[in-house]
Amino acid sequence: MRLLREAVACGRLALEDVKHDRTCLIKAHIVERDGRVLMVKRCPMHGEFEDVLSIDAEFLGRIERLFAGRDFEADGGSCRDHGVSSVRYGRGAVLTVDLTNRCNLNCQPCFMDASSNGGASDLDWNEIRALLDRCVEMRPRRQMSVQFSGGEPTLSPHFLDSIRYARDLGYFCVQCASNGVRFGQDASFCHDAKAAGLRLCYLQFDGVPDAPASAAGSQTNLAALKQRAVDNLHAAGIDVVLVPTIVGGRNNDQIGRIIEFAIRNAEKITVVSFQPVSFSGRYESIDPDLRRQQRYTLSHLVHDVRAQLGMTEPLRDWFPLSSMNPFSDLVDLVLGPSAEFGALKCGCHPHCGVGTVLLVHKHTGRAIPVTRFLDLERLLDDLRAVTDAGHGRLATLAQAGLAVLRNLRPDELPEGYGMLQLLRQLTSQVGASGDRIGATEGDSTSYPWRFLFVAGMWFQDLYTYDFRRTEMCIIPYGTPHGEISFCAYNTGIGWRQLLGHARCAATTDMEAKPAHRPAAAGRNLRTRHESPPGAALLKPERSHKRLPVVD
């Protein structure tokens, strides 16, 4: 893969040729050995590679068994024409748009190697509009979460306008993936983002306030600033999703404490989305011994949650993300074929992500797994039968309600939480209680209990890469060259680097914007690309020219 990227960088291979190149493909064997599941492959140039996919074969078998199958085979046309890296199934669930590759931190690891790949640059306003316009035109027209990312997206001069434009197009779940520096420093900016239409902030959160600096991923522990960001975002009405990157031996001992932090802040936090480390970007050329030490999989995660939190069972409480699709089918059936948008669907490969749900009281902090009082596995089967029957709205809602009651263990419900409240909250949570998707946005404040989702999303790297996962990607990047799988963009063939090389090769004006100095606990930290002396932190530099993008 690296040789292919070098060939593009040196001009020996054109981007169009990359789509048809298959020399980088290596056959791999997925084998079970001593209770673990491994990927074993041999490269004729670099020799043998072996890496772990799961430390618990039984757990992975359960996740694969609960996978309901691929989404529909899509014809993405030129928008998804990326050869072996093309997304082939489904519409996707999260459209990621990198507004900038600049960043005000210098974290290790960083899957995109922010500010270091092909010079620092922003998308211009016309490019952003074109990406979003093309997204909304694709059929079938489903809701997606539109996530503005980077780099650090709040550094883009178009951040607020981009949020506003995505909402105007009809996307109700507009979010950003942020390190939280600006949100923690400037409460008024949180209110500006809410006014523009920001619903969620995917907040980098690699350790709790008293965690050692080495557990935080960046040069120092920013947890105090993260707490201010959580508080400021909540005060503005923006939900928070904690996104910890977990590195084996570095911060995996923080998992239980991070979930406990979310439980204590249940009014403010809706999801904890753990991301086991992907050895890509700034971390791609890792030493083999260190890679083995730091490898962390979804199976590690579910066992650490049980050991550190004292709740959830790997073989009972965890499901592939795609197993929730019967709820999406229910919403589509209830809203009918005339709805402006179809429901969001997570049809990703079972190895990509898993999740569980806790019912948390916002004020007392009591938390119990939903599967304690609800047979979720059988409920999902029942909902498939309900949606397959294809009855009208009222009959479908009634059947869905009966399905919930059939699988309910009322004696296990927490005191003060009844069946009617559960039904109302479930209906609202899945988006089936209004006349359109997103109609009940923000109504969670009316409930004393919250569904706290705890998920794991494991992105690929060169050592675990599987093109079957790529073709089912639900998190495509929106780029001027079409929608590209998250993993194909950041690793694998590495479309992020390929497009960066092409951008640099095409320009005759090589002036690039310098990166911001990162800030941590009030200190300026060094990056590869130093800002000029006195550069203002967090204020996008508008005077520099942007490198043009190849058509």
ask   = Can you give the relative contact order of region 460-502 as a percent, counting alpha carbon pairs under 8 Å and 6+ residues apart?
value = 33 percent
query = Measuring from centroid to centroid over Cα atoms, what is the spacing of region 290-348 and region 448-494 in Å?
reply = 14 Å
request  = For a quick protection proxy, order the peptides 40-49, 278-287 by their average other-Cβ count within 10 Å, most packed first.
outcome  = 278-287, 40-49
Percent of alpha-carbon pairs separated by more than 19 Å within region 87-177 = 41 percent
ask   = Given C-alpha coordinates of region 358-429, what is the ratio Rg to Rh with the Kirkwood estimate of Rh?
value = 1.01
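Read-outs throughout are calculated quantities, based only on the coordinates presented, and are distinct from any laboratory measurement. Computed from a predicted model, the values in this text were never measured in an experiment. For neighbour counting, all protein chains shown are included, and Cβ atoms are generated from backbone atoms with ideal geometry for every residue, glycine included.
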